[in-house]
Amino acid sequence: MERTLSIIKPDAVERNLIGNIIKRFEDAGIKIVAMKLLKLSKAQAEAFYAVHKERPFYGELTDYMSSGPCVPMILEGEGVILKNREIMGATDPKEAAAGTIRADLAIDKEKNSVHGSDAPETAAQEIAFFFTEYELAG
Ligand code: CMP
């Protein structure tokens with residue numbers, strides 16, 4: 001069964017939107033098989049987003065991602081990588097389809113409430129960043 005990494009980002013945790021976001025995944029038939037609430041250090045945020053190191057927004061993005069708690073989760077289901085991306089909507093909430101998490105809840109393209117892996121290889125890397133096999137529910 002396919003797995004992906006989802007993160008409820010600091011802007012959404014701060015606004016008490018954890019339950020709202022998890023309900024959308026559960027209502028779509030997606031299973032949460034691991035979950036934690038933690039605050040990334042600046043160095044951890046830099047490591048997680050290393051692929052964006054050359055982007056002009058890297059400094060701000062990693063400041064923001066280390067500014068407060070976030071909720072990384074492993075989601076499981078058939079085609080869950082794509083399904084999660086559909087439920088999240090486009091990176092910029094102004095471009096996200098109606099009814100998606102980002103259209104409904106995100107603040108802007110940086111504080112966009114959720115992260116989701118974009119492909120099987122990144123899903124595997126991102127899951128390993130946050131979780132060991134001992135932390136999986138099954
Ligand atoms: P995410 O899916 O977590 O992957 C990279 C993140 O960088 C993205 O969501 C946004 O939070 C952030 N991001 C992408 N583009 C921009 C931008 N132009 N300005 C600021 N932040 C951005």
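The values are calculated or read from the model by the stated rules, or taken from the named source; none is laboratory data. It should be emphasised that the depicted structure is a prediction, and the values quoted were computed from it without experimental measurement. Cβ coordinates were reconstructed from backbone atoms using ideal geometry, including for glycine residues, and neighbour counts include every protein chain displayed.
Evaluation of Ala123 against the conditions (1) within 13 Å of the ligand (Cβ to nearest atom); (2) surrounded by fewer than 16 Cβ atoms within 10 Å (Cβ to Cβ); (3) among the aliphatic types (A, V, I, L, M) shows that the sole unmet condition is (2).
Screening Asp104 on (1) modelled with pLDDT of 95 or more; (2) over 22 Å from Val13 (Cβ atoms); (3) away from the ligand (no atom under 13 Å from the Cβ) shows it passes everything except condition (2).
Looking only at segment 16-31, filter to residues that are in contact (Cβ under 8 Å) with a residue 60 or more places away in the chain and closer than 25 Å to Ser66 by Cβ; which one of those is nearest to the ligand (Cβ to nearest atom)?
Ile21
For the condition more than 13 Å from the ligand (Cβ to nearest atom) and under 17 Å from Glu2 (Cα atoms), Val80 qualifies.
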